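Since the structure comes first, as structure tokens, the remarks are kept for the end.
The values are calculated or read from the model by the stated rules, or taken from the named source; none is laboratory data. Small disclaimer: the values here were computed from a predicted structure and weren't measured. Cβ coordinates were reconstructed from backbone atoms using ideal geometry, including for glycine residues, and neighbour counts include every protein chain displayed.
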Amino acid sequence: MRVIMTCGPSFEPIDGVRRLTNFSTGELGLLLAAELSRAGHDVVCLKGEGAVSRVEPGAARVIAFATNADLLARLRELGGGGADVVLHAAALCDYEVQSARSGDGTLLAGKKIPTLAGEVTLTLRPALKLLPGLRGIFPNAKIVGWKYELDGDRAAAEAKARAQISGNGTDACVVNGVAWGAGFGFIEPGRDTIAIADKPALCAFLAQWLGARK
């Protein structure tokens, strides 16, 4: 099977040298890429430039990406070859910089905001969302999204994961974070949630899940 995996953080520029980004090492995606390539799948791993994990991705082909828009462009390039499964675990930016202004309201539009500008106010706007568009790029693929939740409890995290599936036309969701608690949950529509203990167990589970779809 041809598997496309996204992992690691994207970034959105503040100016030519500064950026907004997320905490993500890319470790889980690289572990998955290695596990799935060992299982005989043809894996392409799209990894954020800021991913610091040194996990080797096995036989998977790794392609770096920068911003949300850059990742979208690379997914569209891969879309021509189709995919059987898309695992979208990348920690993408939710916001991008609309403008930067000095304390007196002056627009700061240079390549690098000077330190002498003093206090700087950033206005953020929602960044490009990729998950809603994946079905259009990979119409025949099984698409799995990720949901990382910090607030609320396990029931609330599960509800948000199920809403992600119904709202984006995906086939499953992996949920984790403080709200979920230890480990991960794997959710498919119309099925009970499966609790998974840790990263190695999740890798083994997804390899088995893909194997059942050959």
| Single match in Leu150, Leu134, Leu124, Leu128 (criterion: at pLDDT 95 or above, part of a loop (DSSP other than H, G, I, E, B) and within 18 Å of Thr67 (Cα to Cα)) | Leu128
| Conditions: (1) out of contact with any Lys or Arg (no Cβ under 6 Å at 6 or more places or on another chain); (2) surrounded by 17 or more Cβ atoms within 10 Å (Cβ to Cβ); (3) under 30 Å from Gln164 (Cα atoms). Ile113 meets all but one. Number of the miss? | (3)
| message | When you check Ala155 against the structure, is it of a type in the set (A, V, I, L, M), assigned to a helix (DSSP H, G or I), surrounded by fewer than 19 Cβ atoms within 10 Å (Cβ to Cβ) and free of Cβ contacts under 8 Å to residues at least 24 places away in the same chain, yes or no? | response | yes
| query | Going by the structure shown, is Thr193 among the hydroxyl-bearing types (Ser, Thr, Tyr), surrounded by 13 or more Cβ atoms within 10 Å (Cβ to Cβ), under 16 Å from the mean Cα position of the chain (by Cα) and closer than 21 Å to Ala207 by Cβ? | reply | no
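Ile194: free of Cβ contacts under 8 Å to residues at least 60 places away in the same chain, on the phi < 0 side of the Ramachandran plot and β-branched (Val, Ile, Thr), yes or no?
Criteria met by Ile194.
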| request: Say whether the condition of being of a type in the set (D, E, K, R), under 23 Å from Gly183 (Cα atoms) and in contact with a strand residue (DSSP E or B) (Cβ under 7 Å, 6 or more places away or on another chain) is met by at least one residue in region 97-107. | output: no
| Does region 90-98 include one or more residues that are part of a loop (DSSP other than H, G, I, E, B), modelled with pLDDT of 95 or more and more than 25 Å from Leu210 (Cα to Cα)? | yes
| message | Quick check on my filter: what residues within region 1-30 are buried (at least 20 other Cβ atoms within 10 Å of the Cβ) and under 18 Å from Gly145 (Cβ atoms)? | response | Val3, Ile4, Met5, Thr6, Cys7, Gly8, Pro9, Ser10, Ser24, Gly26, Leu28, Gly29
| Those residues of region 100-117 which are under 21 Å from Glu12 (Cβ atoms), assigned to a loop (DSSP other than H, G, I, E, B) and in contact (Cβ under 8 Å) with a residue 12 or more places away in the chain, in sequence order | Leu108, Gly110, Lys111, Lys112, Ile113
| task | State yes or no: is Ala163 hydrophobic (A, V, I, L, M, F, W, C) and in contact (Cβ under 8 Å) with a residue 12 or more places away in the chain? | result | no
| Tell me, which strands (runs of 3 or more DSSP E) lie completely within region 4-60 with 3 or more residues that are in contact (Cβ under 8 Å) with a residue 40 or more places away in the chain? | 11-13, 42-48
